[in-house]
Amino acid sequence: SGYVADATDCDDEDALVNPDEDNCDCGADGGDIVSVSTPVLQSTNGSIYGNWFADPLGTLGIGKIWEMVSYNGTTIVEYDSLSDFNAGRASDSWTLTYGWDGTGAVAYDGYLYYNKTGTANMIKYDLDSHTTILDVRLPGAGFRNTYHYEWGGYSDIDFASDETGLWVFYSTSSNSGRLVISKLNESDLSVTTTWNTNSESKTAMGQAFIVCGVVYMIDSHGGTSTTINRKYDTNTST
């Protein structure tokens with residue numbers, strides 16, 4: 001009672017988180033993060049760097065996982081569930097039309113979004129038909145270790161999604177290498193709104209992520225202990 005095993009509520013594991021409760025959306029407080037738990041190890045892989053993710057909308061099936069090994073490559077691997085991912089039981093794999101740079105790819109509403117290797121271009125790729133849908137340049141964005149995160153790895157262009165849709169984090173020379181946040185139109189990858197933040201240099205930043213339109217910036221990528229030392233609220237532009 002109170003929750004269902006599909007994508008129409010917020011948490012299939014918790015009956016207290018459901019569409020009838022205020023905790024299902026961002027709410028008046030903007031959905032601010034109040035604590036961060038310790039990491040949970042799901043699986044290990046031969047590569048130090050890489051990216052694995054689910055589609056928050058579950059368009060092609062609730063629980064599917066995709067994996068992109070390393071910060072540069074052409075092969076994407078699909079798993080039917082998190083348990084299959086943990087066990088290394090892939091259901092499919094294929095070669096992308098264009099390779100990727102960085103570890104900032106995301107799946108959203110059945111599509112893969114990533115940075116096309118060696119360019120400032122954004123790729124929209126259909127995860128069902130295995131075809132490239134769009135190839136669009138991100139205006140002014142640094143690429144290929146121009147404005148990367150602290151660790152490098154061609155992490156200049158970083159996609160993200162939250163309750164409001166699709167985003168991309170990057171930097172430009174006009175913003176002096178500091179974090180730039182852009183909201184994207186998923187249908188054509190046009191930039192609808194951009195925020196030039198006054199953050200530290202992106203090359204000194206560990207990582208960034210977004211919840212309810214609020215971007216959180218992490219101090220370090222590799223320390224045993226680190227902090228979220230800055231947040232930028234796109235709802236209020238502060």
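The values are calculated or read from the model by the stated rules, or taken from the named source; none is laboratory data. Remember, predicted model here, so these are calculated numbers, not experimental data. Because the Cβ atoms are built from the backbone with ideal geometry, glycine has one as well, and the counts that use them run over all protein chains shown. To get the accessible areas, we keep the full protein, side chains included, count just its heavy atoms, and leave off ligands, DNA and RNA. Shrake-Rupley method; radii C 1.70, N 1.55, O 1.52, S 1.80 Å.
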Number of the condition not met by residue 97 [criteria: (1) under 17 Å from the mean Cα position of the chain (by Cα); (2) open to solvent by 40 Å² or more (accessible area, probe 1.4 Å); (3) under 23 Å from residue 188 (Cβ atoms)]: (1)
Complete set of residues in segment 149-194 that are over 29 Å from residue 110 (Cβ atoms) and either basic (Lys, Arg) or in a loop (DSSP other than H, G, I, E, B) (or both): 150, 151, 152, 172, 176, 177, 178
Of all residues making up segment 212-227, the number that are closer than 26 Å to residue 166 by Cβ and either open to solvent by 70 Å² or more (accessible area, probe 1.4 Å) or touching a helix residue (DSSP H, G or I) at 6+ places or on another chain (Cβ under 8 Å) (or both): 1
Given (1) without any contact (Cβ under 8 Å) to a residue 12 or more places away in the chain; (2) under 20 Å from residue 69 (Cβ atoms), index of the condition residue 129 fails: (2)
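Can you go through 117, 194 and tell me which one is surrounded by fewer than 22 Cβ atoms within 10 Å (Cβ to Cβ) and closer than 14 Å to residue 215 by Cβ?
Working: 117 fails: closer than 14 Å to residue 215 by Cβ.
Answer to the selection: 194.
Scan segment 92-114 residue by residue and report those that are charged (D, E, K, R) and more than 22 Å from residue 209 (Cβ to Cβ).
Going through segment 92-114, the residues charged (D, E, K, R) turn out to be 92, 101, 109.
Within segment 92-114, just 92 meets the criteria.
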Residues of segment 122-140 satisfying the condition of being under 17 Å from residue 194 (Cα atoms) and open to solvent by 10 Å² or more (accessible area, probe 1.4 Å): 136, 137, 139, 140
Pick from segment 59-83, criterion open to solvent by 30 Å² or more (accessible area, probe 1.4 Å) and part of a strand (DSSP E or B), ranking: modelled with the lowest pLDDT: 69
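Residue-wise test of (1) of a type outside the set (Val, Ile, Thr); (2) touching a strand residue (DSSP E or B) at 6+ places or on another chain (Cβ under 8 Å).
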| residue | (1), (2) |
| --- | --- |
| 49 | yes, yes |
| 59 | no, no |
| 67 | yes, yes |
| 74 | no, yes |
| 77 | no, yes |
| 81 | yes, yes |
| 86 | yes, no |
